[in-house]
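Please read the structure below before turning to the comments.
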2 protein chains.
Amino acid sequence: MQKKTSLKDIASKVGVSTALVSYVLNGRMEGRISKEVAKKIRDAAEKLNYHPNHLARSLKTSRTNTIGLVVADISNPFSSMLARIIEDEADRLGYTVIFGSSDESEVKSAKLITALRNRQVDGLIICPPAGADDQVRQLKKQGIPFVLVDRYFPDISCDSICIDNEQASFRAVEHLIRCGRQRIGMITYDSALQHLQDRITGYGQALAGNNIKPPDQWKQLVGIHNDQAEIHHAMSVLLNLKKPVDAIVFGSNRIASSALKYLDTNRVKNPSDLWLLSFDQSEVFDFFHAPVSYVSQPLMEMGQQATRLLLSRINGTVGSERVLLTADLIIRQS
Amino acid sequence: MQKKTSLKDIASKVGVSTALVSYVLNGRMEGRISKEVAKKIRDAAEKLNYHPNHLARSLKTSRTNTIGLVVADISNPFSSMLARIIEDEADRLGYTVIFGSSDESEVKSAKLITALRNRQVDGLIICPPAGADDQVRQLKKQGIPFVLVDRYFPDISCDSICIDNEQASFRAVEHLIRCGRQRIGMITYDSALQHLQDRITGYGQALAGNNIKPPDQWKQLVGIHNDQAEIHHAMSVLLNLKKPVDAIVFGSNRIASSALKYLDTNRVKNPSDLWLLSFDQSEVFDFFHAPVSYVSQPLMEMGQQATRLLLSRINGTVGSERVLLTADLIIRQS
DNA sequence: GGCGGACGTTTAATCGTTTAAACAAATTTA
DNA sequence: TAAATTTGTTTAAACGATTAAACGTCCGCC
């Protein structure tokens, strides 16, 4: 890699000190520098194709203009769309993004956060896995700017941007009930993550509010790694009850997608008699032979607000804000 | 952000020079350092929760252990899966990934490459948009390690990892013909990108080799930004010919997905009489009411080989390698 | 008893910037 | 005309690491 030109190269070419070059190129000391010298410096910089070394700059200023992003899995559309939005917003505000996937593992998440911090990111946007609360507390204690997205820890007061999962779930299930569904099952993750618990709570409250007493089997829990077999099993339980469910709520689009595959291969007799509702969008919902309604998270708002909130913390605003966005219920019916 | 501990802090705590601390913590000069001092240093590092400042280290060593990744759009599953594979492989080899999306824009790609280089990445993995050939030539001239993935420029000799698109396309179309299809249309991008041209070439050769003379209208070109209306229009042309096509090849999963939506909403009379074949996978293919075969790119191989090849270049191996991977044809038929 | 080597550690330069402070020369002010 | 100010530029330290070279000490050896 051919040696890049540095301030010093420009300085010696023009015959001035590096300080002056730095001032000119950064537009400081506006009034003080003579027009001619400034022009000479700028021309030389152009000719030598100068680009500042961010490492050196950051080392000196202790600002990297970089934010770290920890998602569950960048290959999951939810994460990658969020990442894209954050990338764009960060770019707009002069920041670069470094990312990593935690795979819902507390250990990986910790490693990632350390790696990102060693690279001196100015702040972090984190979608924390279960069990990462200590890491978050640590960050808070150390005064590192960070914002949680999509998930939060109820007993940690810090910046977070989430949807109101309890409300969204409640409204979704209410909708099913108003449409005449009486036996509503749910397949969701067996996880301590509060936002997932909130979905369960909302579901339960909607049923209770309508005097429906759900038998235990209506709630099926599966592992967070989206094991197909597990999800298929959950489906078969729900559909083979003495009184089978007439609607199912899925805790995520991944679960929904596996469940649809189950329905597809097992050609359930009358799929129009089974209402389906998922959290998060998926392209496959458009093509399934029965309509799938879903709770749509406002990803754009989430990503942008998270980025802006983080930057305001980086730039010194203090406080902590728990933002609750409202999710839309997208209804698909034939 | 509370001041992090530096080598100096450890040095002064233990009462030695920073050099010694550096040697110990990096495991250099194995034999020379006294066990006790080494232990004291390690203990102090532990107690002070020391983490090296990568900026400083990189500035001195001129190695950042970071690679830059330029994809078309990280929110596109093709990109994000590739990104994930590269992330994992890079991590395994001690590297971090910084990414950016070019949106198929030559200008954005140039900006991105500059931004990544200013951050002193050790090398780049690039999925270049059309018109980026000059940028690539530039990189080559400057001796910056880089590897192209998925795409290449035929008149630039440099490292690249792609599938053999011409062959894949040829085989796919041959397959359709062997299955009795006679009137095979194609919807693909109006782009100079060579790998897309290769797909067209393979398609043409398969037809020619079977004495099929495609009328111009069989080949429908659409813009690279996947405009729905354009794709729907292309579909309507193909299906409303005096002699409509009996099979369609889609240049990408995005095109396929829009086309399927068209078929879905326009309830084409006999979809089983229309064979569909796409490049790249998509979850929606599983749920469409007619089978969609597809050319499956070996993403894992692509990502891993790209990463490894890049690292070997970074570490000094010279030469340039154009790797052609073989894609699988996944056949779905009812 | 002087010399050479091993041992354990320190010195000091360096990477490419930024930036407060110092400086000399020109200009204004009193 | 001396003092004060402005103007344009330089000096030099700093950021936090790495690393070749230098430095004492102690030891053994002839």
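A few points about this structure:
- Estimated vicinal HN-Hα couplings, Hz - region B:111-121 in sequence order (Karplus 6.51, -1.76, 1.60; Gly, Pro = x): 4, 4, 4, 4, 4, 5, 5, 4, 8, 6, 4
- Residues whose amide H falls under 5 Å from that of A:Lys219, counting only those 5 or more places apart or on a different chain, are A:Met186, with hydrogens built in the peptide plane.
- Computed over region A:122-204, the P(r) tail beyond 17 angstrom holds 52 percent of alpha carbon pairs.
- For chain B, the longest site-free run once trypsin sites (Lys or Arg not before Pro) in DSSP loop states with at most 14 other Cβ atoms within 10 Å are removed: B:64-241
- Considering helices alone, the calculated mean residue ellipticity of chain B at 222 nm is -14000 deg cm²/dmol, with DSSP H runs of length four and up weighted by -39500 (n - 2.57) and normalised per residue.
- For region A:187-334, the dipole from Cβ point charges (+1 on Lys and Arg, -1 on Asp and Glu) about the Cα centre works out to 240 debye, to the nearest 20.
- Across region A:218-334, C-alpha contacts under 8 Å between residues 6 or more apart give a mean separation that, scaled by the residue count, equals a relative contact order of 21 percent.
- Note that region B:79-86 has calculated 3J(HN,Hα) couplings of 5, 6, 5, 4, 4, 5, 5, 5 Hz, one per residue in order, obtained from phi through the Karplus relation 6.51 cos²θ - 1.76 cosθ + 1.60 (θ = phi - 60°); glycine and proline are x.
- Relative contact order of region A:4-44, taken over Cα pairs closer than 8 Å and 6 or more residues apart, is 40 percent.
- Cα gyration tensor of the protein assembly as shown - equivalent ellipsoid semi-axes, whole Å, descending: 47, 36, 22
- For region A:183-259 and region B:282-334, distance of Cα centres in Å: 36 Å
- Distances from B:Pro291 to itself in the other copies, using label points 7 Å out along the Cα-Cβ axis, amount to 3.1 nm in increasing order.
- Within straight-line cross-link reach of A:Lys3, lysines at Cα separation under 26 Å, skipping those fewer than 8 residues along the same chain: A:Lys13, A:Lys39, A:Lys40, A:Lys47, A:Lys60, B:Lys60, B:Lys108, B:Lys111, B:Lys140, B:Lys141
- Fluctuation leader among A:Met81, A:Met186, A:Met302 - chain A, Gaussian network, Cα springs under 10 angstrom: A:Met81
- When every Cα-Cα distance of chain A is counted in 20 angstrom steps from zero, the calculated P(r) takes the values 27, 43, 20, 9, 0 percent.
- Residue among B:Ser12, B:Ser252, B:Ser160 with the largest mean-square fluctuation in a Gaussian network model of chain B, springs linking Cα atoms under 10 Å: B:Ser12
- Cross-link partners for A:Lys261 among the lysines, with Cα-Cα distance under 16 Å and sequence neighbours closer than 8 places in the same chain left out: A:Lys269.
- Comparing Cα centroids, region A:76-114 and region B:1-52 end up 32 angstrom apart.
- Between the amide H of B:Leu329 and those of B:Ser296, distances stay under 5 Å, these residues lying 5 or more places away or on another chain, with hydrogens modeled in the peptide plane.
- Each copy carries a label point for A:Leu241 at 7 Å from Cα toward Cβ; from one copy, the others' points are 5.3 nm away, ordered from shortest.
- Shape call, region A:165-296: gyration tensor on alpha carbons, a/c limit 1.5: rounded
- Applied to region B:153-161, the Karplus parametrisation 6.51 cos²θ - 1.76 cosθ + 1.60 on θ = phi - 60° returns per-residue 3J(HN,Hα) values of 10, x, 9, 10, 8, 7, 5, 7, 10 Hz, with x for Gly and Pro.
- Fraction of antiparallel bridges per DSSP, the protein assembly as shown only, in percent to nearest 5: 10 percent
- Projecting the Cα positions of B:His289, B:Pro214, B:Met300 onto the charge dipole of the protein assembly as shown (unit charges on Cβ atoms of Lys, Arg, Asp and Glu, taken about the Cα centre) puts B:Met300 furthest along the positive direction.
- Choice from A:Asp88, A:Asp198, A:Asp227 with maximal GNM fluctuation in chain A (Cα, 10 Å cutoff): A:Asp227
- Relative contact order %, chain A, counting alpha carbon pairs below 8 Å whose residues are six or more apart: 16 percent
- In this structure the amide hydrogen of A:Trp275, modeled in the peptide plane, comes within under 5 Å of the amide hydrogens of A:Ala247, A:Ile248, none closer than 5 places in sequence on its chain.
- Copies compared at A:Glu30 - label distances in nm, ascending, label defined 7 Å from Cα in the Cβ direction: 6.0
- Dipole of the protein assembly as shown computed with +1 at Lys/Arg Cβ and -1 at Asp/Glu Cβ about the Cα centre; of B:Ile126, A:Gln228, A:Thr66, farthest Cα towards the positive end is A:Thr66.
Bear in mind these aren't lab numbers, they're just calculated from the coordinates by the rules spelled out. On a predicted model such as this, the values are computed, not experimentally measured, just so you know. Using ideal geometry, Cβ is built from the backbone for each residue, glycine included, and neighbour counts are taken over all protein chains shown.
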